[in-house]
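The values are calculated or read from the model by the stated rules, or taken from the named source; none is laboratory data. Fair warning: this is a prediction, and the values are worked out from it, not measured in the lab. Heads up, the Cβs are rebuilt from the backbone with ideal geometry, glycines too, and the neighbour counts pull from every protein chain shown. Heavy atoms of the whole protein, side chains included, go into the accessibility calculation; ligands, DNA and RNA do not. Shrake-Rupley method; radii C 1.70, N 1.55, O 1.52, S 1.80 Å.
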Amino acid sequence: MASSSLLISLASCLLFLALSPALASNSEGEALCAFKSRLSDPNNVLQSWDQSLVNPCTWFHVTCDSQNRVIRLDLGNSNITGTLGPELGRLQHLQYLELYRNSFMGKIPEELGNLKNLVSMDLYENQLEGEIPKSLSKLKSLRFMRLNNNKLTGSIPRELVTLSNLKVLDFSNNDLCGTIPVDGPFSTFPPESFENNKRLNGPELLGLASYDFGC
Amino acid sequence: MLYGEIPPTLGNCTSLETLGLAYCRLNGTIPPQLGNLRQLKLLTLQNNSLSGPIPDQLAQCTRIQVISLNDNMLEGEIPSFIGEFSALKTLNLANNYLKGEIPADIGNVRSLNHLYLFGNRLTGNIPYELNQLSQLQILDASSNNLSGPMNISPDHLISLEFLVISSNFLQGEIPKDFCSRNSSLHNLFLAGNQLTGTINGLLSCTSLQSLDLSNNSLTGSIPHAIDQLTELVNLALHNNSLTGPIPHQIGNLTNLEILSLYHNHLTDSIPVEIGKLKRLALLFLYENQMSGTIPEELTNCTSLQEVDFFGNHFSGTIPDQIGNLKNLIVLQLRENDLSGPIPPSLGYCNSLQQLALADNSLTGSLPDTFGFLTELNLITLYNNSLAGDLPRSLLGLKNLSIINLSHNKFSGTVEPLTGSDLLTVFDLTNNSFSGQIPLELFKSRNLSRIRLGHNQLTGPIPSQVGLLHQLVSLDLSDNDLTGEMPLSLSNCKGLTHLLLNGNRLSGYIPSWVFRDLVSLGELDLSSNNFSGDIPKEIGNCSALIKLSLYNNKLTGPIPVEITKLTLLNVLNLQKNKLSGPVPPEIQQCKKLYELRLSENLLTGPIPSELSSLTELQVILDLSYNDLSGQIPDTLGNLLKLERLNLSFNQLQGALPDSLVRLTSLHRLNLSSNLLQGEIPLALSSFPQNSFSGNNLCGVPMGPCSDPPVSKGKHLSKAEVEGIIVAIVLVSAIVCVALMYIMARIWSNWREVSVSTSDCEESNSKRWVGNGDKIQASKYRKLGPTSTRVGSSEEKHSWGSDTSVLRMKNDAAC
């Protein structure tokens, strides 16, 4: 009797040996599967995400370039609930991250700053909270950054003024605080990009108010 | 089998020494009356459906030796009275719903041999008092929520053989000199915790046979003195952050059967001493940063069954003598930098079931000897530079299920790969295979994926494809296939991907495609010779996400039914002969991010409803059609649009102001239309060829002939009125003055010559006529900009001859 339960516990401990890694998929497919595991997907839009395939390029809502590297993730408006995870930062070649109009919760992972080819970050109309990570200032290719209509808090990271390619930015309808940067691409964004953040205090007045004034 | 509740009356059997009701279907709670069984030595109720708490009354069973309540649904906490059971040898509470902390009092049960607590919801630290259990041989508290440091010390637990605390939240480092010199610890499982630091503290556990520290956060290198653990059979250190090389002393662990080091940061090459591990069966080094060549000595490890080096930087060739590994079942070398040919001896590994050499730089052709790999069910060689014809001997591989030779340079016929009728995945994408698609392929009725794209296959699509009812994906793109789509394909109702683009297929696009293949998510028939109309049945394929019919000879209208495809992300109908309007109902395809209708014969206006497609992002391409009318003002709603191409149409009028809201736009082509007026300032950063071939003016094109009319917009109503009054007054004065002067001249002329009177009449007619002409040409030039702006023209046209002439005419009337 004792030995039978011993066997059970040994079996559970040695479970790792049963998992044959011979079909270990590529890292982008793994990252996407790790992401999928966080999500509730009542509409089954992720049904085609089959990790046994050699790469994720035939999955729906995933687009690859000619070298089978993931460049688009299109899950906008898909009735998905869940969180964003650090694994998204492993999609090294991603250009378009389109996760808008869902129910993504939790924080924006700082690992998204590793997406050095990212052109468009569309996370608008979700339930994201926490601060905008400073690491997003590493996204030197970024042209579009739409984080509007979430529950983001904290001040706008000053590091974002170094995103010289940024053309469109929308932080409206959040709970951001402090002042709005005026340098770099921020000199071109209209006030509408920042509206409905109750504690955001207008453009920064250099020397007069600190960037996190009112936070 | 017994079922129902345990009768409380059992408590009356006060002489009972053994109560064994295990493996039944008992439910309900453990009756407190069992506490009356004062003589009880054995209580075994495991594997039932008992619920509720462990009753306090059991505290009276002080002679108990064995308690097995595992695999029930017991709740509540572990009662601390267990600490008073001085004869207890075995306590098994595993796999229940017990919560709370492990009571420190258990440390008083000095007789305890076996303690099983795994699979509960226990929290808190492991009580240090457990170290008093000098008789304890087995402690298994895995799969709980225990936290804190590794309080257990085999240094004190001198009888301990099995210590299993995997899958908890233990933190901190493994204590230095974890085991005493006389330790009898055989098995140590601490996998799936949050342990940090190095593994050096375990080198004192010289009796260890199995060590599993996987899935922690351990750092440092594998110590050279690892060979102190001479008894070691299983060593699992995977999923940590170990660095440095595998020490050559590993070769002294001659009992080793399992070595699992995957997913660490190990570097350097495999020590040649690995060849001394004659019993080694599993060698997992995948996902490290190891390099160097795979040592020939590895082929001395003749017990090897599974070798996985995936995702390292191993270079050089695959060892020539790999064929010595007669027991090898899995060889996974994917994603390394291996080069050279595949050694023919590999064909002698005749136990091999899975062979994965993909993502390397292998060259040469497949050896004939591969025909001996009769057990093989998976072969993946994609992304290499393998070439040549496939050996006929491959026809002998009757167990193959998954074949992926994609992205190589193989040539000749694919027929040698069709020996098995168990195929499920057949991927030969991007090679130089030629000949026809062999009919033998369709013997494998369980095929779910056929991918033969980017080859030089000829002939028709065999109608036997319709036998494959499991087919999910059929990719025959970019070959030289001819003929029509076989009707039998309509049997493949589970198809989600159908890619036939880039062939010479002809005939109509059959309506059954859309009637029967309703699971299709991607359909690409582009670059073929398909003709006729797009079937109206297209609306049935409501799962379509990507639809491309680009570059065919399709005629007729865009069927309005296409607008039922509400999941479409990409619609490409470019380069056909489609006519009629762009259906306004396309606004229902709300998820479109790419829409290409260019190079057709489309007519009518650009529907303003396009503005509902607010997800349009990659491109909206309507170029090279016969679209007319104005650019709808609503197009400015496409806030995410990055490319807009409306060139080579008959579009007229001015650019709508709303276009300046297209802030995401970075490519714009409006060239070769009939557009007029001034380019809004916000669009002036686009190059000239964005606008050329129109009558547009302003930056980046030439200046508008007027002073910029847009300034007028900033004038207040009062100012405008003032200016108008001034203009009218001045014009009137000028007219009066002119008339006076003319009258004088006229009378002078009459005085000088009487014979010129005819000329004067025609002269004055010509003036008026000229005036009309100039006026008309001016309107053509300025177009609606000036008309739209209205009164501003009068304001700023002081120097303009047209207005003066008109004023003059007015005044003259």
How much accessible area does B:Glu615 have with a 1.4 Å probe, in Å² rounded to the nearest 10?
-> 10
Out of B:Pro149, B:Leu202, B:Ile226, whose Cα points farthest toward the positive end of the dipole of the range B:141-275 (charges: +1 Lys, Arg; -1 Asp, Glu; placed on Cβ)?
-> B:Pro149
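Computing the accessible area with a 1.4 Å probe over protein heavy atoms, can you report the carbon and sulfur percentage for the protein assembly as shown?
Ligands and nucleic acids excluded, carbon and sulfur reach 52 percent.
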For chain B, what log10 I(q)/I(0) values come out of the Debye formula at q = 0.09, 0.10 1/Å, with one point per alpha carbon and no solvent?
-> -1.04, -1.10
Describe numerically, in nm with one decimal, the distance between label points set 7 Å from Cα along Cα→Cβ at B:Ser15 and at B:Arg515.
-> 8.5
On a C-alpha basis, how far is the centre of the range B:563-622 from the centre of the range B:433-454 in Å? Whole number, if you could?
-> 35
Could you tell me which of B:Leu256, B:Leu441, B:Gly347 has its Cα farthest along the dipole of the protein assembly as shown towards the positive end, charges placed at Cβ (Lys, Arg +1; Asp, Glu -1), taken about the Cα centre?
-> B:Leu441
Ignoring ligands, DNA and RNA, what accessible area per residue does the range B:314-391 give at 1.4 Å, in Å²?
-> 32
Taking the Cβ of B:Val66 as the center, what net charge do the other residues with Cβ under 14 Å away carry, scoring Lys and Arg +1 and Asp and Glu -1?
-> +2
By the C-alpha gyration tensor axes a ≥ b ≥ c (rounded if a/c is under 1.5, else prolate when a/b exceeds b/c, else oblate), the shape of the range B:1-148 is oblate
log₁₀ of I(q)/I(0) at q = 0.24 Å⁻¹ - the range B:118-217, Debye sum with one point per alpha carbon | -1.45
Percent of Cα-Cα distances greater than 43 Å, calculated over the protein assembly as shown | 57
Between B:Val660 and B:Ser506, how many nm apart are label points set 7 Å from Cα along the C-beta direction?
-> 5.5
What FRET efficiency comes out for the pair B:Glu440/A:Lys140, r = Cβ-Cβ distance, R0 = 30 Å, nearest 0.05?
-> 0.05
What residues in the range B:606-648 lose 30 Å² or more of accessible surface when the other protein chains are added to their chain alone (1.4 Å probe)?
-> B:Glu615, B:Gln617, B:Lys640, B:Glu642
Which of the peptides B:694-704, B:302-312 is most tightly packed, and how do the rest follow, going by the mean number of other Cβ atoms within 10 Å of each residue?
-> B:302-312, B:694-704
Just list whichever of B:Lys443/B:Lys536; B:Lys276/B:Lys398; B:Lys443/B:Lys546; B:Lys443/B:Lys590; A:Lys36/B:Lys640 have alpha carbons separated by over 32 Å in the model shown.
-> B:Lys443/B:Lys536; B:Lys276/B:Lys398; B:Lys443/B:Lys590
Antiparallel DSSP bridges in chain A: what percent, to the nearest 5?
-> 15
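Work out, step by step, the length gained on full extension between B:Thr363 and B:Glu5: first 0.36 nm times the residue separation, then minus their alpha carbon distance; give nm to one decimal.
Working: separation 358, 0.36 × 358 = 128.88 nm, distance 7.04 nm.
Fully extending the segment from B:Thr363 to B:Glu5 adds 121.8 nm.
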Chains A and B, summed buried accessible surface - 1.4 Å probe, Å², nearest 100 = 3900
Once the Cα atoms of helix A:2-13 and of chain A are each reduced to a long axis, what angle between those two axes, in degrees from 0 to 90 to the nearest 10, is obtained?
-> 40
FRET efficiency, 1/(1 + (r/R0)^6) with R0 56 Å, evaluated for B:Asp320 and B:Glu75 via beta carbons = 0.35
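I need the shape label for the range B:440-560. Rule: rounded when a/c is under 1.5, else prolate if a/b > b/c, else oblate, with a, b, c from the alpha carbon gyration tensor. Write out the running numbers ahead of the final one.
On the way: a/c = 1.80, a/b = 1.24, b/c = 1.44.
Taking the square roots of the gyration eigenvalues as a ≥ b ≥ c, the range B:440-560 is oblate.
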Return, for the Cα atoms of the range A:24-94, the radius of gyration and Dmax in Å, separated by a comma.
-> 11.3, 32
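Can you give the mean number of other chain Cβ atoms that lie within 10 Å of the Cβ atoms in peptide B:185-192? Walk me through the numbers on the way to the answer.
Values: counts 0, 0, 5, 0, 5, 1, 4, 2.
The per-residue average across the peptide is 2.
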Helix-only [θ]222 nm of chain B, DSSP H runs n ≥ 4, -39500 (n - 2.57) each, per residue, nearest 500 | -3500 deg cm²/dmol
Just from its helices, what would the mean residue ellipticity at 222 nm be for chain A, if runs of 4 or more DSSP H residues each count -39500 (n - 2.57) and the sum is divided by every residue, rounded to the nearest 500 deg cm²/dmol?
-> -3500 deg cm²/dmol
